[in-house]
Amino acid sequence: MRSSSAGGPDEVLVKVYASTVSAADYRSRSRSVPKGLAVPVALALEVFRPRKRVLGMDVAGVVEVVGLGVTSFRPGDEVIAMLGSRFGGHAEYVCISQDGVITAKPRNMTFTDAVTLVFGGTTAHAFFRRTAIKPDSTVLVNGASGSVGTAAVQLAAQVGARVTGVCSGANRELVTALGADRVIDYTAEDFLLEGRTYDVIMDCVGNAPFERAGACVNPGGALLLVISDLKGLLLAAWNTKRSGKVIAAGNIENTSESLAFLVGLAESGRFQAVIDRTYDLADIASAHRFVDTGHKKGNVVLRIAAS
Ligand SMILES: NC(=O)c1ccc[n+]([C@@H]2O[C@H](COP(=O)([O-])OP(=O)(O)OC[C@H]3O[C@@H](n4cnc5c(N)ncnc54)[C@H](OP(=O)(O)O)[C@@H]3O)[C@@H](O)[C@H]2O)c1
């Protein structure tokens with residue numbers, strides 16, 4: 001199955017080897033979204049029938065054909081790409097503009113490893129770019145064992161920040177191995193009641209809105225709401241103004257520069273793939289069932305073609 005029809009002159013046709021089943025696929029399929037977002041999401045995705053028939057926000061694969069105007073890629077190039085809200089990655093082929101969020105795959109990674117850089121990596125990187133993380137900054141990542149969280153812990157740690165990860169006790173070892181200096185088990189303790197403050201708090205769970213977490217951010221720091229309800233989205237700019245802290249929420253802009261940055265880290269051994277389970281495309285329903293639990297570690301990879 002090809003997820004988009006004829007390619008244009010600036011597009012490349014990619015044979016897809018791997019994609020992931022992400023929280024975004026789960027939300028799009030189940031319509032389980034934060035408070036206040038059901039109507040906007042329904043308008044974007046479906047009124048009478050699903051507009052996005054093929055899910056999958058990310059791909060790793062090989063360029064097979066290039067359009068007449070393509071200068072950046074050649075047939076045979078191994079690439080990774082973020083399709084974002086256009087979806088379509090759970091397919092054997094996908095057409096992507098050469099100016100889209102696409103870059104050369106890390107040379108030291110398989111397709112299944114490489115595709116894990118895309119969804120969590122570009123999201124964490126884009127949110128961190130809303131603030132300045134320096135060596136010795138204190139950074140707390142809530143939901144540190146998910147796709148975005150495992151990427152965020154690695155990105156903050158490689159800058160030299162002092163990282164606290166919030167996850168369940170079962171994921172303590174994983175999050176420590178990724179670079180966290182401290183781990184808080186959310187099943188035993190509420191990090192917002194601990195009395196500590198941080199330069200940056202990234203919430204990948206949705207239980208640390210500005211009203212609860214704003215006071216735990218140091219003056220001039222940032223609260224990065226990777227997941228937020230409608231109220232949090234609408235008030236982010238106002239809360240930034242009145243608190244003097246960066247309160248960031250909403251969809252982020254993915255860029256090929258971000259993807260290339262992550263590839264550079266991976267090639268120098270400073271960013272690793274975190275894979276919980278790998279499924280063949282034929283078993284995609286089982287993959288969705290597992291992701292629906294909300295308890296995956298890092299990424300769930302979908303193997304689309306044998307490499
Ligand atoms: N704004 C954007 O553009 C954007 C982009 C990407 C993702 N998102 C959103 O960001 C959120 C995170 O995405 P993701 O891909 O990282 O999700 P994910 O991989 O599905 O997250 C699963 C992880 O969350 C952990 N978790 C569950 N409840 C927790 C809690 N109360 N405290 C701490 N950890 C908890 C689970 O650990 P346990 O098994 O130990 O519970 C599991 O490892 C999703 O809601 C997604 O929709 C937004």
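For the subset of region 11-58 comprising residues that are basic (Lys, Arg) and free of Cβ contacts under 8 Å to residues at least 60 places away in the same chain, which member is farthest from residue 122 (Cα to Cα)? Full working, then the answer.
So the first thing to find is which residues in region 11-58 are basic (Lys, Arg), and the list is 15, 27, 29, 31, 35, 49, 51-53.
Going one step further and asking which of them are free of Cβ contacts under 8 Å to residues at least 60 places away in the same chain, we end up with 27, 31, 49, 51-53.
Numbers: 27: 18, 31: 23, 49: 30, 51: 24, 52: 22, 53: 24 Å.
The qualifying residue farthest from residue 122 (Cα to Cα) is 49.
When you check residue 257 against the structure, is it acidic (Asp, Glu), within 16 Å of the ligand (Cβ to nearest atom) and under 16 Å from residue 124 (Cα atoms), yes or no?
Values: acidic (Asp, Glu): yes; within 16 Å of the ligand (Cβ to nearest atom): no; under 16 Å from residue 124 (Cα atoms): yes.
The answer is no for residue 257.
Do we find a residue being surrounded by fewer than 16 Cβ atoms within 10 Å (Cβ to Cβ), modelled with pLDDT of 95 or more and not charged (D, E, K, R) anywhere in region 239-247?
The answer is yes, given that some residue of region 239-247 is surrounded by fewer than 16 Cβ atoms within 10 Å (Cβ to Cβ), modelled with pLDDT of 95 or more and not charged (D, E, K, R).
Which residues, counting only those in region 168-186, are small (Gly, Ala, Ser) and closer than 15 Å to residue 275 by Cα?
Narrowing region 168-186 to residues small (Gly, Ala, Ser): 168-170, 177, 179-180.
Matches in region 168-186: 177 only.
Within region 136-145, does at least one residue satisfy the condition of being more than 11 Å from the ligand (Cβ to nearest atom) and free of Cβ contacts under 8 Å to residues at least 24 places away in the same chain?
Scanning region 136-145 turns up no residue that is more than 11 Å from the ligand (Cβ to nearest atom) and free of Cβ contacts under 8 Å to residues at least 24 places away in the same chain.
How many residues, within region 268-307, are surrounded by fewer than 18 Cβ atoms within 10 Å (Cβ to Cβ), assigned to a loop (DSSP other than H, G, I, E, B) and within 13 Å of the ligand (Cβ to nearest atom)?
Count: 3.
Pick out the one residue from 104, 114 that is of a type in the set (A, V, I, L, M, F, W, C) and buried (at least 24 other Cβ atoms within 10 Å of the Cβ).
Working: 104 fails: buried (at least 24 other Cβ atoms within 10 Å of the Cβ).
After ruling out the rest, the residue left standing is 114.
Would region 224-234 turn up any residue that is of a type in the set (A, V, I, L, M, F, W, C), more than 18 Å from residue 36 (Cα to Cα), within 15 Å of the ligand (Cβ to nearest atom) and outside any helix (DSSP H, G or I)? Write out each step before concluding.
Of the residues in region 224-234, the ones of a type in the set (A, V, I, L, M, F, W, C) are 224-227, 230, 233-234.
Adding the requirement that they be more than 18 Å from residue 36 (Cα to Cα) leaves 224.
Filter again for within 15 Å of the ligand (Cβ to nearest atom), leaving 224.
Filter again for outside any helix (DSSP H, G or I), leaving 224.
Looking for residues that are of a type in the set (A, V, I, L, M, F, W, C), more than 18 Å from residue 36 (Cα to Cα), within 15 Å of the ligand (Cβ to nearest atom) and outside any helix (DSSP H, G or I), one finds at least one in region 224-234, hence yes.
The values are calculated or read from the model by the stated rules, or taken from the named source; none is laboratory data. From a predicted model like this one, the values you see are computed outputs, not experimental measurements. Glycine also receives a Cβ, built like all others from the backbone with ideal geometry; neighbour counts cover every protein chain displayed.
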